[in-house]
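Peer 1: Just dropping this structure here.
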Amino acid sequence: MARKAEEAATALPEDGNAEALLQRLEWTVLRRLDGVLQGDYRTLMRGSGLDLADLREYQHHDDVRHIDWNVTARQQQPYVRQFTEDRELSAWFLVDLSASVDFGSNVFTKRRIARAFVGVLARLFSRHGNRVGALLYGSRVDTVLPARSGRRHVLELLQRMAGRPDMAASGATDLSDLLVAAQRHIRRRSTVFVVSDFISPPGWERALGQLTLRHEVTAVRLYDALEMELPDIGLVTMRDAETGEQVLVDTHNAGFRKRFKAAAERRETELRASLARAGVDTLELATNDDLVESILRFSDLKKQRSRLANGSARSRAPSHLRPAA
């Protein structure tokens, strides 16, 4: 584990130098992902083209605007149109940089993992002519980078993320502000990544669901293993990064550790249920995970789900749209 952490630290240099970070990511991460995501991204991220490619039976979370009402009336069940994807994509990153993402019990903080993820995906999209934009949230949405392409634009995004002011004890995060702002600023149908630890008062679920009505949204959930279960390390002063409140706890107490774990599991269950209700895919990034492996696992799941959906749809499609035997 120590060796893995050392390798990870070498792969991602310290925040501050956007050029050094991007160069390192291009050599250590993008080379491994090349040919796995890019070139195949049409399978992963649906475009908004105008050429009709196929019809399939309506599934939960499909865009109701794509329902073909004529076929639906004939078949007595809803069918949706599938279009040939545009080659050009617009990708937006909604990045939560509130005080809670500065936590990390390993080599990396959640903020550092978020910056690496955004750098990798932004460069992956932009180097093939696609446009990338971002909204950055501290205690409010204070930075909006319009969608542009090119390496210099990615460097500007990484530098903006690195040059953030100290958000310690700045108040509780409200993700609703970020998600509502995204609805105002992202006019064209886009691929949207919400990068956050989702530590926020309830209410953001509705705004996230509204965002999915127009865009393809992926929740990139940041977390640290220490947020799930406490080790037995004696007396510890715990501090809420967003409110500044401190409390002394005794981790020798097995009952306290058990209650902490139970509360964490309840939060996990509630969060996953909220994301599922909003109809978004979720990529989970832990501070001790390999970034490449996490992205590859996610892409494999997306491809598998797409194949299953298309295969199931073809088997139930109208006879004139079924492929020849």
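The values are calculated or read from the model by the stated rules, or taken from the named source; none is laboratory data. Owing to the predicted nature of the structure, the values given are computational and were not obtained by experimental measurement. Cβ sites come from the backbone with ideal geometry, for glycine too, and all protein chains shown count toward neighbours.
Peer 1: State which residue pairs qualify: first residue of a type in the set (S, T, Y) and inside region 130-152, second residue assigned to a loop (DSSP other than H, G, I, E, B) in any location, beta carbons under 7 Å apart, and separation of 6 or more residues or different chains.
Peer 2: Going by the 7 Å Cβ cut-off, the qualifying pairs are Y137/L97; Y137/S98; S139/S98; S139/M167; S139/S170; S139/G171; S149/G129; S149/N130.
Peer 1: Determine which member of the set V194, V217 is at pLDDT 95 or above, under 24 Å from R65 (Cα atoms) and within 16 Å of the chain's Cα centre (by Cα).
Peer 2: After applying the criteria, what remains is V194.
Peer 1: Another question about this same structure. If the Cβ limit is 8 Å and pairs must be 6+ apart or interchain, which residue in region 253-269 that is surrounded by 12 or more Cβ atoms within 10 Å (Cβ to Cβ) pairs with which residue that is β-branched (V, I, T)?
Peer 2: Listed pairs, sorted by first residue: F256/V249; R257/T251.
Peer 1: Please state which one of L271, L291 is closer than 14 Å to D197 by Cβ and aliphatic (A, V, I, L, M).
Peer 2: Of the residues listed, the single one that is closer than 14 Å to D197 by Cβ and aliphatic (A, V, I, L, M) is L271.
Peer 1: Quick one: count up the residues across region 283-294 that are surrounded by fewer than 18 Cβ atoms within 10 Å (Cβ to Cβ) and modelled with pLDDT of 90 or more.
Peer 2: Count: 1.
Peer 1: Quick check: anything in region 158-176 under 25 Å from W27 (Cα atoms), touching a strand residue (DSSP E or B) at 6+ places or on another chain (Cβ under 6 Å) and in contact (Cβ under 8 Å) with a residue 40 or more places away in the chain?
Peer 2: The answer is no, given that none of the residues of region 158-176 is under 25 Å from W27 (Cα atoms), touching a strand residue (DSSP E or B) at 6+ places or on another chain (Cβ under 6 Å) and in contact (Cβ under 8 Å) with a residue 40 or more places away in the chain.
Peer 1: Can you name every residue in region 88-108 that is surrounded by fewer than 24 Cβ atoms within 10 Å (Cβ to Cβ), of a type in the set (D, E) and not in a loop (DSSP other than H, G, I, E, B)?
Peer 2: Answer for region 88-108, where residues must be surrounded by fewer than 24 Cβ atoms within 10 Å (Cβ to Cβ), of a type in the set (D, E) and not in a loop (DSSP other than H, G, I, E, B): just D102.
Peer 1: A further question on this structure: If you scan region 205-219, which residues turn out to be part of a helix (DSSP H, G or I) and of a type in the set (S, T, N, Q)?
Peer 2: Q210, T212
Peer 1: Taking R187 as meeting all but one of (1) over 14 Å from the mean Cα position of the chain (by Cα); (2) within 29 Å of E19 (Cβ to Cβ), write down the number of the exception.
Peer 2: So R187 meets the others, but not (2).
Peer 1: A further question on this structure: Just wondering, is there one or more residues in region 154-171 that are among the basic types (K, R), in a loop (DSSP other than H, G, I, E, B) and either in contact with a Lys or Arg (Cβ under 9 Å, 6 or more places away or on another chain) or at pLDDT 90 or above (or both)?
Peer 2: yes
Peer 1: Examine region 46-53 for a residue that is crowded, with 17+ Cβ neighbours inside 10 Å, modelled with pLDDT of 55 or more and not aromatic (F, W, Y), and state whether such a residue exists.
Peer 2: Looking for residues that are crowded, with 17+ Cβ neighbours inside 10 Å, modelled with pLDDT of 55 or more and not aromatic (F, W, Y), one finds none in region 46-53, hence no.
Peer 1: From the list L226, L222, L179, pick out the single residue that is more than 22 Å from T287 (Cα to Cα) and either in a helix (DSSP H, G or I) or of a type in the set (A, V, I, L, M, F, W, C) (or both).
Peer 2: Exactly one residue qualifies, and that residue is L179.
Peer 1: Is it true that some residue in region 220-232 is exposed (fewer than 12 other Cβ atoms within 10 Å of the Cβ), among the charged types (D, E, K, R) and modelled with pLDDT under 90?
Peer 2: Yes: region 220-232 contains one or more residues that are exposed (fewer than 12 other Cβ atoms within 10 Å of the Cβ), among the charged types (D, E, K, R) and modelled with pLDDT under 90.
Peer 1: Among the candidates A20, A9, A73, single out the residue that is at pLDDT below 50 and part of a helix (DSSP H, G or I).
Peer 2: A9
Peer 1: Just the residues that are of a type in the set (D, E, K, R) and not in a helix (DSSP H, G or I), please, taken from region 109-141.
Peer 2: R127, R131, R140 - these are the residues of region 109-141 that are of a type in the set (D, E, K, R) and not in a helix (DSSP H, G or I).
Peer 1: Any idea how many residues of region 295-316 are modelled with pLDDT of 55 or more and surrounded by fewer than 17 Cβ atoms within 10 Å (Cβ to Cβ)?
Peer 2: So the count comes out to 13.
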